[in-house]
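Q: First, the structure itself, so that you have it in front of you.
The values are calculated or read from the model by the stated rules, or taken from the named source; none is laboratory data. Since the structure is predicted, the reported quantities are computational estimates derived from the model, not experimental observations. Reconstructed Cβ throughout: ideal geometry from the backbone, glycine too, with neighbour counts over all protein chains shown.
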Amino acid sequence: MSIAPHRTVLQRYFAGVTEHAFMEHLGIGDAQLTDYLAEMLTRFVHMDRLFVLHNTSGEKLTEVANMLIEAEGLPPEGRTRREVFRHIGDYTLFWTGVYPEALKKLRHRSNIDSFIDYCSQGKRSYAIASHTDEDHDDPVLQRLSNDFELCAFGLNQVRKEFACSGTVIDEDGNVRRVIH
């Protein structure tokens, strides 16, 4: 685990739990991958970070289908398009891995996402985001695209370890242990 000294307690906590879960349950010791996933979990502790994308009218995008429509309208080159697709990959991976039971609610019948396959769109979004320029691809995003379901399973194991640990994260992102 490569932990930078400037990381918060929450970032270090998620890095440790993610690394442990991926090694213990999947036999994956890829520090770049687990660090990326730990950063994603840290970011999404604050629910407002899940919904950072807006349409051209400034409305918050809460459905993957609408996020994809906006992303497809961006110029094919450039960082903005890449970051939007990366966020879509992160969003779909988070819900698929950490809260799979919430997908039914997110994809209810009256919602445009009822037609979306989160795994397929997550894989596709990471694949698009992985292309940084003509000379090379981002290996972590490419791995997330290739191994989306495996990473979702790993994140579910992270959730289970977190739930069993007696750890609580407050609204400010502070980590606390609850002793029973």
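Q: Identify all residues within segment 38-83 that are among the acidic types (Asp, Glu) and touching a residue at least 12 places away in the same chain (Cβ under 8 Å); write none if there are none.
A: The initial filter retains those residues of segment 38-83 that are among the acidic types (Asp, Glu), namely 39, 48, 59, 63, 70, 72, 77, 83.
Of everything in segment 38-83, those that are among the acidic types (Asp, Glu) and touching a residue at least 12 places away in the same chain (Cβ under 8 Å) turn out to be Glu39, Glu63, Glu70, Glu83.
Q: Criterion first (part of a helix (DSSP H, G or I), in contact with a Ser or Thr (Cβ under 9 Å, 6 or more places away or on another chain) and either of a type outside the set (S, T, N, Q) or over 24 Å from Lys105 (Cα atoms) (or both)) does Leu10 satisfy it?
A: Working: part of a helix (DSSP H, G or I): yes; in contact with a Ser or Thr (Cβ under 9 Å, 6 or more places away or on another chain): yes; either of a type outside the set (S, T, N, Q) or over 24 Å from Lys105 (Cα atoms) (or both): yes.
Considered against the rule, which asks whether it is part of a helix (DSSP H, G or I), in contact with a Ser or Thr (Cβ under 9 Å, 6 or more places away or on another chain) and either of a type outside the set (S, T, N, Q) or over 24 Å from Lys105 (Cα atoms) (or both), Leu10 comes out as yes.
Q: Sticking with this one: Which of the following residues is at pLDDT 85 or above and either on the phi > 0 side of the Ramachandran plot or part of a loop (DSSP other than H, G, I, E, B) (or both): Leu93, Leu74? Steps first, answer last, please.
A: Working: Leu93 fails: either on the phi > 0 side of the Ramachandran plot or part of a loop (DSSP other than H, G, I, E, B) (or both).
Answer to the check: Leu74.
Q: Looking for something farther than 15 Å from Val158 by Cβ, in a helix (DSSP H, G or I) and at pLDDT 90 or above - is there at least one such residue anywhere in segment 54-64?
A: Looking only at segment 54-64, we keep the residues that are farther than 15 Å from Val158 by Cβ, and these are 54-64.
Subsequent filtering for residues that are in a helix (DSSP H, G or I) retains 64.
Now restrict to residues that are at pLDDT 90 or above: 64.
There is at least one residue in segment 54-64 that is farther than 15 Å from Val158 by Cβ, in a helix (DSSP H, G or I) and at pLDDT 90 or above.
Q: Can you tell me which of (1) surrounded by fewer than 13 Cβ atoms within 10 Å (Cβ to Cβ); (2) in contact with a Leu (Cβ under 8 Å, 6 or more places away or on another chain); (3) β-branched (Val, Ile, Thr) is the one Val84 doesn't meet?
A: Among (1) surrounded by fewer than 13 Cβ atoms within 10 Å (Cβ to Cβ); (2) in contact with a Leu (Cβ under 8 Å, 6 or more places away or on another chain); (3) β-branched (Val, Ile, Thr), the lone unmet condition for Val84 is (1).
Q: Taking Ala15 and the conditions (1) surrounded by 17 or more Cβ atoms within 10 Å (Cβ to Cβ); (2) out of contact with any Gly (no Cβ under 7 Å at 6 or more places or on another chain); (3) under 23 Å from Cys119 (Cβ atoms), which numbered condition does it fall short on, given that it satisfies the others?
A: (3)
Q: Going through segment 27-42 one residue at a time, which ones are buried (at least 16 other Cβ atoms within 10 Å of the Cβ) and either out of contact with any Cys (no Cβ under 9 Å at 6 or more places or on another chain) or outside any helix (DSSP H, G or I) (or both)? Reasoning before the result, please.
A: Filtering segment 27-42 down to residues buried (at least 16 other Cβ atoms within 10 Å of the Cβ) leaves 28, 30, 33-42.
Within segment 27-42, Ile28, Asp30, Thr34, Asp35, Tyr36, Ala38, Glu39, Met40, Leu41, Thr42 qualify.
Q: Right, next: Taking the conditions exactly as written (at negative phi, among the small types (Gly, Ala, Ser) and out of contact with any Phe, Trp or Tyr (no Cβ under 8 Å at 6 or more places or on another chain)), does Ala21 satisfy them or not?
A: Numbers: at negative phi: yes; among the small types (Gly, Ala, Ser): yes; out of contact with any Phe, Trp or Tyr (no Cβ under 8 Å at 6 or more places or on another chain): yes.
Against the criterion (at negative phi, among the small types (Gly, Ala, Ser) and out of contact with any Phe, Trp or Tyr (no Cβ under 8 Å at 6 or more places or on another chain)), Ala21 qualifies.
Q: Within segment 96-116, how many residues are charged (D, E, K, R), farther than 16 Å from Ile69 by Cβ and either surrounded by 14 or more Cβ atoms within 10 Å (Cβ to Cβ) or at pLDDT 95 or above (or both)? I'd like the intermediate steps shown before the answer.
A: Start the filter on segment 96-116 by keeping residues that are charged (D, E, K, R), which leaves 101, 104-105, 107, 109, 113.
Of the ones still in play, those that are also farther than 16 Å from Ile69 by Cβ are 101, 104-105, 107, 109.
Keeping just the survivors that are either surrounded by 14 or more Cβ atoms within 10 Å (Cβ to Cβ) or at pLDDT 95 or above (or both) gives 107.
Of the residues in that region, 1 qualify.
Here is a yes/no grid of residues against (1) among the β-branched types (Val, Ile, Thr); (2) touching a helix residue (DSSP H, G or I) at 6+ places or on another chain (Cβ under 7 Å); (3) within 22 Å of Gln142 (Cβ to Cβ):
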| position | (1), (2), (3) |
| --- | --- |
| Leu37 | no, yes, yes |
| Asn55 | no, yes, no |
| Arg81 | no, yes, yes |
| Asp117 | no, no, yes |
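Q: Within segment 84-103, work out how many residues are free of Cβ contacts under 8 Å to residues at least 60 places away in the same chain and under 20 Å from Gln142 (Cα atoms).
A: Total meeting the criteria: 11.
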